[in-house]
């Protein structure tokens, strides 16, 4: 692999100086992502795209957030499935203009009213959802 085929995603610092770092190495076989702990996710060329991963991040983060809230209050979901659908604009860069999240949950003792409350909290507490709905500032640099 050449240096030209390596792309490093630079950290984005928040106001509180909390920093999360990831790295993506691209070559003809696909992409290898790794986090600061060097845990890797290898994706072949025909695997999920970066926009698929973005929707997967919404599903995973909102699902974890909802499950954590339920368990905090003594509720244990027997099953929790999260389905995410993104609608892309027709014009380039084909960004998502709408993202819909649908939950299928089986949890004894959870009323419809309580679930709606938990979903509102999930939306406000999930960092991925909040990052997508907030104005973000990206900084790009090139290392040779």
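Bear in mind that the values in this text are calculations on the coordinates, not laboratory data. Note that this is a predicted model, so its numbers are computed, not measured. Cβ coordinates were reconstructed from backbone atoms using ideal geometry, including for glycine residues, and neighbour counts include every protein chain displayed.
Please give the direction-averaged projected area of the C-alpha convex hull for the stretch 18-83, in square nanometres with one decimal.
Answer in nm², one decimal: 6.2.
Divide by every residue of the chain the summed helix terms, -39500 (n - 2.57) for each DSSP H run of at least 4, and state the resulting mean residue ellipticity at 222 nm, rounded to the nearest 500 deg cm²/dmol.
-10000 deg cm²/dmol
Quick check: the angle from helix 50-72's long axis to the longest principal axis of the chain, C-alpha only, nearest 10 degrees?
Value to nearest ten degrees: 30.
Given the peptides 113-124, 84-95, arrange them by the average over their residues of other C-beta atoms within 10 Å, most packed first.
With the highest mean Cβ count within 10 Å placed first, the list reads 113-124, 84-95.
Quick check: Cα centre of the stretch 39-61 to Cα centre of the stretch 104-144, how many Å?
One Cα centre to the other: 17 Å.
With all distinct Cα pairs included, what does the Kirkwood hydrodynamic radius of the stretch 50-133 come out to in Å, to one decimal, could you say?
Result for the stretch 50-133 stands at 13.6 Å.
If you fit an axis through the alpha-carbon atoms of helix 112-125 and take the longest principal axis of the Cα set of the chain, what angle between them do you get, 0 to 90°, nearest 10?
Around 30 degrees separate the two axes.
What area, in nm² and to one decimal, does the C-alpha convex hull of the chain cast on average over all directions?
11.4 nm²
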